[in-house]
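Worksheet for the structure shown next.
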Amino acid sequence: MQAIDLGAVPVGPTEFGQWAALNAQLGVDAYGVNLREASPGEPVELTHDEADTAQQEIFVVISGRARFTVGDETFDAGPGTAVGVGDPALTRGHEALEPGTRVLCIGARPSPAATDWGSWIGDAGP
């Protein structure tokens, strides 16, 4: 078992802005796990789709506020908000609305061995 404090993980410069790759720190390799930290006005463009990779992605705001654009929808999200993008062809991106905004980014291709996670609790959705 590995545990890390997402508010304290150091990030470093990459072509995509300030990032930290978390797979090794968490001891997982079934999906990509990264942390991005940004402030308003940073000139890094993150809008993309995953049509070529077939990845699905989840973004979780850890601190600060972010503005997400997924397809034709735009919305603001604060700490604790999770955004799921199941369609790899949908364009998605986010930008920081507050200094030090941290967003956890998780992505993977659907697996033929994927389990119906949560089926044991029924459809407890909103």
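Taking every alpha-carbon pair under 8 Å whose residues sit at least 6 apart, the chain reaches a relative contact order of 28 percent. Taken along the Cα-to-beta-carbon direction at a fixed 7 Å, the label points for residue 82 and residue 21 span 2.5 nm. Extension gain, residue 51-residue 1: 0.36 nm per intervening residue step, less the Cα-Cα distance, totals 14.7 nm. Remark: segment 33-110 carries a charge dipole of roughly 300 debye about the Cα centre, counting +1 on each Lys and Arg Cβ and -1 on each Asp and Glu Cβ.
Using a ≥ b ≥ c from the Cα gyration tensor of segment 1-109 (square roots of the eigenvalues), is it rounded, prolate or oblate, where a/c under 1.5 gives rounded and otherwise the larger of a/b and b/c decides, a/b for prolate? Oblate, since a/c reaches 1.5 and b/c is not below a/b. Cα centroids of segment 63-108 and segment 16-46: 12 Å apart.
Rule-based calculations on the coordinates, nothing more; no lab input. Keep in mind the model is a prediction, meaning the values are calculated, not measured. Every residue, glycine among them, receives a Cβ derived from its backbone with ideal geometry; neighbour counts consider all protein chains shown.
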